[in-house]
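Participant: Sharing a structure below in structure tokens format, with a few things to ask.
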Amino acid sequence: MADNKSVVGGDHPNLTFRRYKDNDSDHGRWIEDVVSSGLSYICPTYVHKTPPCQGSCPSGHDIRGWLTIARGMDKPADGSPWQEYAFKRMTMSNPFPSVMGRVCPAPCEDGCNRNEVEDPIGINSVEQFVGDWALEHKLSLLEAGKSTGKKVAIIGGGVAGMSAAYFLRLKGHDCTIFEEYAELGGMAVFGIPGYRTPREVLEGEISRIIDLGVEVKLNTRVGKDVKVEQLEKDYDAILWAIGATTGRNLPIPGADAPNCVDGMSYLRAFNEGRLKYLSGRILVVGAGDTAMDVVAVARRIGHIEHHHEKDRPENVILGFTVHDVASVAKRQGGDVWIVYRRLVTDAPATKHELDAVLHEGVEFHDGLAPIEVIKDEDGQAKALRVQPVKWTDGKMENDGDEFDIECSLIVAATGQTGNYEGIEDFDNGWGLIDSDKLYCVKDKPGHFVAGDAVKPHLLTTAIGQASVAVDSIDSYLDEEEIPKRPKVDSHHFNLLDELRSRHLEPEEFKQDEHYDDWGTDSSNYAVHNFDDRANAEIIPHEELFLGYFEYDPMHRRTESLVGADEILNNFDERFRCLNEEQTIEEAGRCMSCGMCFECDNCLIYCPEDAIYKVKDSEHAIGRYVATDYDKCVGCHICAEVCPSGYIKMGMGG
Ligand SMILES: Cc1cc2nc3c(=O)[nH]c(=O)nc-3n(C[C@H](O)[C@H](O)[C@H](O)COP(=O)(O)OP(=O)(O)OC[C@H]3O[C@@H](n4cnc5c(N)ncnc54)[C@H](O)[C@@H]3O)c2cc1C
Ligand code: SF4
Ligand code: SF4
């Protein structure tokens, strides 16, 4: 095997994996060194572990599973199109693939082992392709379960509430969503701008959930229109999915000026179609993802030089008036600044979004700590006073004289909190709800919580928490103790389910017949030689044979980056979805960490021909090869050359 040095690393300087050091030229006497000296009584076993992509996805997607489907290795038993089969696999853990594929910042890709070769797998590109295909072909979600007669109240119709409704319906529980506003979607609709998540995509994915038989009460605020005590009487359990929808204003003197607003109100006014332009210089304080959306919107809607007093942007943002469409024609490019205390390199925003807004003409001013809002004689903010600062060992120090930045509107994008009016009992003092790891509300039996109300994060996090909370609710409704969660808590591949779907499940174990069996290798009431460690272990890249994978960069979605001169009025989606061929090729880059992907390496390299392919009629994912233990000499070559780390020397010992 030392001979394949030439292919390892190849001609590609970008390929990070190297099995040998530069200028290594000698190889050992491999027959003796590798085969003979490796002889042992330990034989290969097939070990399933969780891939790190899945371990890093907060909704616990079986990513490797749906990539295996997309690349054509796992074919649907019923002959349905691969996209439908992949959609079913995706929606076991997340009913919003089209939205995720667009706006999830994809922590899964950061975790992907392929980063150790060249680029991660474009996981959310594949997710978007399948999600869009499902919408286009009007696919329904998995079917609702058999009715249990239990009823759950869900407070909040954002992504957490709707995902919970979906998972509850799969388990056969009835549920009602109570939503304060006239529309479902929460921050996915009122926070994230429509050009990032097109409304027809959101509506399509929402309506599929509602079609499963979810009752929805819009314009109903719990704590005002309906009391918690009433819900406790009418429902068997309550899930709080109320998000953290209120923005925080700046904690500095003068921030009570009417034209000093918070980012959440600003984005809601834009997304509801009320706010159509700004005026003068806009200062946005903060550099997280909300700040990026605020400035990106500001550059797109531009500003109007002379407008009527009543049309001042803050009057619209605060809900006193609405801009009329006619004025839109007068818009010009806006003067939009980000003011940030730390350095641009420390900005918490997704790097991609930050680069995009800079390209669109937003000015970034870092190292400036806001200290006061300066008002004019009418009480309006006319400038932001800032203190230049520098950072040494994480400590902020003044670095020069304070100065004023003139502006017409200040938008604080520095955090969000919940609105607990009428439900004060649930506020933990930080505008959030205290819960345990099983998403049970502290000291309130029968109450559960999920999503931003626990701690603001991402859509996928809200969905993952909703799934866990529904499992807890399910146990609670069954009057069982709520079980602890596994160490690696995901929607894992299950070999038994895979075998069942192909009618290959083991026979029933019969106590009377099989109790005294010695050795079970020829019996068919067990899944042989398979060790499922997915609940406990994530497979690191060190366990893979990375030298197998050749340089093959990611297929990136094309992105229309719009420059500063063209951004006004541009509400086009930035990313173009991969086409089917690109999607399949991208899925084909997956290294299938922790699971066999049928590369034949073990068959080719075994010096004793001890490994054989299982019959086609017995083939399933994870059951492609088997070992003849009469022939195996325990040399461990198969485990060495297994690219995906699925083979471990474990049997015998
Ligand atoms: C500007 C912005 C941009 C973002 N961008 C991204 C992104 O690109 N990618 C990403 O993954 N995440 C992003 N996020 C985060 C993501 O939107 C949230 O994590 C997610 O929406 C949280 O879902 P949720 O259901 O917990 O809460 P929400 O979406 O906030 O939904 C809560 C719902 O509860 C309702 N409600 C509240 N109180 C009551 C009550 N008492 N009675 C009845 N109804 C009530 C609210 O009206 C709301 O509809 C962004 C967030 C913001 C603010
Ligand atoms: S939801 Fe996000 S983290 Fe999970 S697979 Fe999709 S892109 Fe990755
Ligand atoms: S190579 Fe495939 S299985 Fe491995 S971490 Fe990346 S996406 Fe997941």
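Participant: Do any trypsin sites (Lys or Arg not before Pro) in region 361-451 lie in a loop, going by DSSP, with at most 15 other beta-carbon atoms within 10 Å of their beta carbon, and if so which? Before the final figure, lay out each step's value.
Facilitator: Details: sites: K375, K382, R385, K390, K395, K437, K442; in loops: K437, K442.
For trypsin sites (Lys or Arg not before Pro) across region 361-451 that sit outside H, G, I, E and B with at most 15 neighbouring Cβ atoms in 10 Å, the list reads K437, K442.
Participant: Stretch D443-K75 to full length: gain in nm at 0.36 nm per residue minus the Cα-Cα span? Could you put the intermediate results ahead of the total?
Facilitator: On the way: separation 368, 0.36 × 368 = 132.48 nm, distance 4.75 nm.
That works out to 127.7 nm of additional length.
Participant: Among M92, L170, G131, which residue has its Cα furthest toward the positive end of the charge dipole of region 46-205, with +1 on Lys/Arg Cβ and -1 on Asp/Glu Cβ?
Facilitator: Of the listed residues, the answer is L170.
Participant: If you stretched the chain out fully between A536 and E232, how much longer would it get, using 0.36 nm times the residue separation minus the C-alpha to C-alpha distance?
Facilitator: Details: separation 304, 0.36 × 304 = 109.44 nm, distance 3.71 nm.
The A536-E232 span can extend by a further 105.7 nm.
Participant: Okay, next question. Among DSSP beta bridges whose residues both lie in region 247-414, state the antiparallel percentage, nearest 5. The partial results should precede the final answer.
Facilitator: On the way: 16 of 33 bridges.
The antiparallel proportion sits near 50 percent.
Participant: Something else about it: In angstroms, what radius of gyration and Dmax does the chain have, counting Cα atoms only?
Facilitator: Looking at the chain, its Cα Rg and Dmax stand at 28.5, 94 Å.
Participant: Just the number, please: carbon plus sulfur as a percent of the accessible area of the chain, 1.4 Å probe, no ligands or DNA/RNA counted. The partial results should precede the final answer.
Facilitator: Details: 14470 of 30260 Å².
About 48 percent, which is the carbon plus sulfur part of the accessible surface.
Participant: Same structure, new question: Over all directions, how big on average is the projection of the convex hull of the alpha-carbon atoms in region 247-414, in square nanometres?
Facilitator: Working: hull surface 38.1 nm².
Computing the convex hull of the Cα atoms and averaging its projections yields 9.5 nm².
Participant: Which number comes out as Rg/Rh for region 319-472 once both Rg and the Kirkwood Rh are worked out on C-alpha atoms?
Facilitator: Details: Rg = 20.9 Å, Rh = 19.7 Å.
Here Rg/Rh amounts to 1.06.
Participant: So between A526 and D376, what do we pick up on full extension, going 0.36 nm a residue minus the alpha carbon distance? If you can, show how the numbers build up before the last one.
Facilitator: Values: separation 150, 0.36 × 150 = 54.00 nm, distance 7.95 nm.
So the chain would gain 46.1 nm between A526 and D376.
Participant: With a Förster radius of 56 Å, plug the Cβ-Cβ distance of D211 and D609 into 1/(1 + (r/R0)^6) and report the FRET value to the nearest 0.05.
Facilitator: On the way: r = 54 Å, r/R0 = 0.97.
According to the calculation, E is roughly 0.55.
Participant: Using only helices, what value at 222 nm comes out for the chain when you add -39,500 (n - 2.57) per DSSP H run of length 4 or more and divide by the total residues, to the nearest 500 deg cm²/dmol? Don't jump to the answer; show the numbers that get you there.
Facilitator: Working: 20 runs with 168 residues, N = 653.
Rounded to the nearest 500, it is -7000 deg cm²/dmol.
Participant: Could you tell me which of H365, S617, A144 has its Cα farthest along the dipole of the chain towards the positive end, charges placed at Cβ (Lys, Arg +1; Asp, Glu -1), taken about the Cα centre?
Facilitator: H365
Participant: State the percent of C-alpha pairs, over all pairs in region 232-297, separated by a distance greater than 16 angstrom. Intermediate values should be presented prior to the final figure.
Facilitator: Working: 1230 of 2145 pairs.
So the pairs more than 16 Å apart make up 57 percent of the total in region 232-297.
Participant: Let me ask you something else. How large, in Å, is region 106-167 by the Kirkwood hydrodynamic radius built from its alpha-carbon pairs?
Facilitator: Working: mean 1/r = 0.0663 Å⁻¹.
Radius from the Kirkwood sum: 15.1 Å.
Participant: With a sphere of radius 10 Å drawn around the Cβ of L139, what net charge do the other residues whose Cβ falls strictly inside it have (Lys, Arg +1; Asp, Glu -1)?
Facilitator: Here the charged neighbours net out to +1.
Participant: Please calculate how many Å² of accessible area region 247-414 carries per residue, with a 1.4 Å probe and no DNA, RNA or ligand atoms counted. The partial results should precede the final answer.
Facilitator: Working: 7360 Å² over 168 residues.
Value returned for region 247-414: 44 Å² of accessible area per residue.
Participant: I'd like the antiparallel share, as a percent to the nearest 5, of DSSP beta bridges with both residues in the chain. Let's see the in-between values first.
Facilitator: On the way: 31 of 68 bridges.
Looking only at bridges with both residues in the chain, the antiparallel portion is about 45 percent.
Participant: Set Lys and Arg Cβ to +1 and Asp and Glu Cβ to -1, take the dipole of region 247-414 about its Cα centre, and tell me which of L250, M292, N398 lies farthest positive.
Facilitator: Result: M292, furthest along the dipole toward the positive end.
Participant: Treating cross-link reach as a plain straight distance, find the lysines whose alpha-carbon is under 19 Å from the alpha-carbon of K455, omitting any fewer than eight places away in the same chain.
Facilitator: Result set, ordered by chain and number: K437, K442, K444.
Participant: Hey, any idea what Rg/Rh is for region 519-618, computing Rh the Kirkwood way over Cα pairs? Numbers along the way, then the final one.
Facilitator: Details: Rg = 22.2 Å, Rh = 18.9 Å.
Reported Rg/Rh, Kirkwood definition of Rh: 1.18.
Participant: Another question, if that's okay. Evaluate the charge dipole of the chain about its Cα centre and quote only its size in Debye, nearest 20, assuming +1 on the Cβ of each Lys and Arg and -1 on the Cβ of each Asp and Glu.
Facilitator: 1040 debye
Participant: Compute the label zone of Q332 within region 294-320: residues whose backbone N is under 14 Å from the point 7 Å along Cα-to-Cβ.
Facilitator: 302-307
Participant: How about region 127-210: which trypsin sites (Lys or Arg not before Pro) there are in a DSSP loop, with at most 13 other Cβ atoms within 10 Å of their Cβ? Kindly include the intermediate steps, with their values, before the conclusion.
Facilitator: Working: sites: K138, K146, K150, K151, R169, K171, R196, R199, R208; in loops: K138, K146, K150, K171, R196.
Hits after loop and neighbour filter: K138, K146.
Participant: Let me spell out the model: positive unit charges on the Cβ of Lys and Arg, negative unit charges on the Cβ of Asp and Glu, origin at the Cα centre of region 423-523. What dipole size does that give, in debye rounded to 20? Each step should come with its number before you reach the end.
Facilitator: Numbers: 10 positive and 24 negative charges, 142 e Å.
Dipole size: approximately 680 debye.
Participant: Here is a follow-up. Please work out the average accessible area per residue across region 38-197, using the 1.4 Å probe convention, and give it in Å².
Facilitator: On the way: 4630 Å² over 160 residues.
Roughly 29 Å² per residue, with all protein chains present.
Participant: Once the Cβ-Cβ distance between E513 and H457 is put in as r, and R0 is 60 Å, what FRET efficiency do you end up with, to the nearest 0.05?
Facilitator: On the way: r = 52 Å, r/R0 = 0.87.
For R0 = 60 Å, the calculated efficiency reads 0.70.
Participant: Then there's this: I need the trypsin sites (Lys or Arg not before Pro) found in region 581-634, filtered to DSSP loop residues with at most 16 other beta carbons within 10 Å of theirs. Intermediate results must be reported in sequence, preceding the final value.
Facilitator: Numbers: sites: R589, K613, K615, R623, K631; in loops: R589, K615, K631.
When the trypsin sites (Lys or Arg not before Pro) of region 581-634 are filtered for loop state and at most 16 Cβ neighbours within 10 Å, K615, K631 remain.
Participant: Can you give me the solvent accessible area of D497 with a 1.4 Å probe, rounded to the nearest 10 Å²?
Facilitator: Answer for D497: close to 80 Å² accessible.
The values are calculated or read from the model by the stated rules, or taken from the named source; none is laboratory data. Keep in mind the model is a prediction, meaning the values are calculated, not measured. Methodologically, a virtual Cβ is constructed for each residue, glycine included, from the backbone with ideal geometry; neighbour enumeration extends over all protein chains shown. To get the accessible areas, we keep the full protein, side chains included, count just its heavy atoms, and leave off ligands, DNA and RNA. Shrake-Rupley method; radii C 1.70, N 1.55, O 1.52, S 1.80 Å.
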